[in-house]
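This report concerns only the one structure given below.
Rule-based calculations on the coordinates, nothing more; no lab input. A quick note: this is a predicted structure, and the numbers were derived from the prediction, not measured. Please note: Cβ atoms are built from the backbone with ideal geometry, for glycine as well, and neighbour counts cover all protein chains shown.
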Amino acid sequence: MENLNLAIGAVLLLAAIYMIRSLRALHNKMGRQTERLAKAIQNLTQQERENAKQSTRQIEAYIQLNSLLKFTASLPATRGWAASPDLLLSISQLVKEQKPKLVVELGSGVSTLVVAKSGAKKVISFDGDADYAEQTRTLIRQHGVRGVEVRLAPLMPYRGGANWYDPSKFKDLKNIDLLIVDGPQGGDNSDARYPALEVLLKKLSAKAIVILDDVNRTGERKLAEDFAKALPNHELRILDHEKLTAVISPK
Ligand SMILES: C[S@@+](CC[C@H](N)C(=O)[O-])C[C@H]1O[C@@H](n2cnc3c(N)ncnc32)[C@H](O)[C@@H]1O
């Protein structure tokens, strides 16, 4: 009888130890999960705060752009595929101040309209896609602005592997005072815009300004840096825009 009690006691003790260990493991596991959850919530909150800050900035820039340029027809959506309002506002200010005689743009859209509405006399905007080129022409017509040519330049393989605009479409260009690089779209190819340097460098006027959108991406950033290196009398500034903008202008 005594042995039986001892055996039962031992079993109960082992069961108690097992339960305590299991509870402790469960407690630790839940602690780790709670920690991970708290971290994820913290990251999300931070991200949401950043998004809200960015949206406010873009709305402020959009309102200023609207009141400075007095649009008379509706505008397509900005941001995403299109330039963001902060970049559009900077482009507009620059065109008003520098009064470039010839503006060349790679990647047409709302930015083309902003350049023309800001007073540029001659704008040639290249697009690799016939439908988007036509959309921009319609936009320009709706707003009744003049001096804009939206030139279709289908994308074709360029040396080095990227698809770029048909270079023969650039032959007549010279003395570009403002070059805006926001195309081609490129997808995952980070070198998609790089041929702009080789094709257009020699076509810039001595005081030309080059603006590159999307320099938060490595390919566009490298293109901006190489453009600046190729223009020794110019300097490179990075504007703290939503997608980061490079401005290369005379020193
Ligand atoms: C970055 S976008 C140019 C945006 C233009 N600068 C603007 O501010 O609206 C480059 C090219 O992508 C193409 N594109 C424009 N919107 C697009 C969309 N929603 N989806 C796919 N491609 C688009 C057009 O051919 C355009 O020339």
Sequence of L88, L236 once ranked by neighbouring C-beta atoms within 10 Å, starting from the fewest: L236, L88
Amide H within-cut-off set for Y165, under 5 Å, with H built and near neighbours excluded: M156
Residue order, fewest to most beta carbons within 10 Å, for M1, M156: M1, M156
Aspartates and glutamates whose Cα lies under 18 Å from that of K101, excluding same-chain neighbours fewer than 8 positions away: E149, D172, D177
Calculated FRET efficiency for the pair E235/E198, C-beta based, R₀ 22 Å, to 0.05: 0.55
Stokes-Einstein D for the range 166-223, Kirkwood Rh over Cα pairs, 37 °C, 0.692 mPa s (µm²/s): 273
Label-to-label distance, nm, for residues given as M30 and R49 (7 Å Cα→Cβ offset): 3.0
GNM top mover of Q142, Q42, Q54 - the chain, alpha-carbon springs below 10 Å: Q42
K101 long-range amide H proximity, modeled H, under 5 Å: D177
Two-decimal Rg to Rh for the chain - Kirkwood Rh, Cα set: 1.36
0 to 90° range, to nearest 10: angle between helix 130-142 axis and the chain longest Cα axis: 70
Contour minus Cα-Cα distance for I63 and Q93 (0.36 nm per residue): 9.4 nm
Between the range 183-219 and the range 11-63, the alpha-carbon center distance in angstrom: 42
Cβ crowding within 10 Å averaged over residues, with 97-108, 130-141, 211-222 ranked highest first: 97-108, 211-222, 130-141
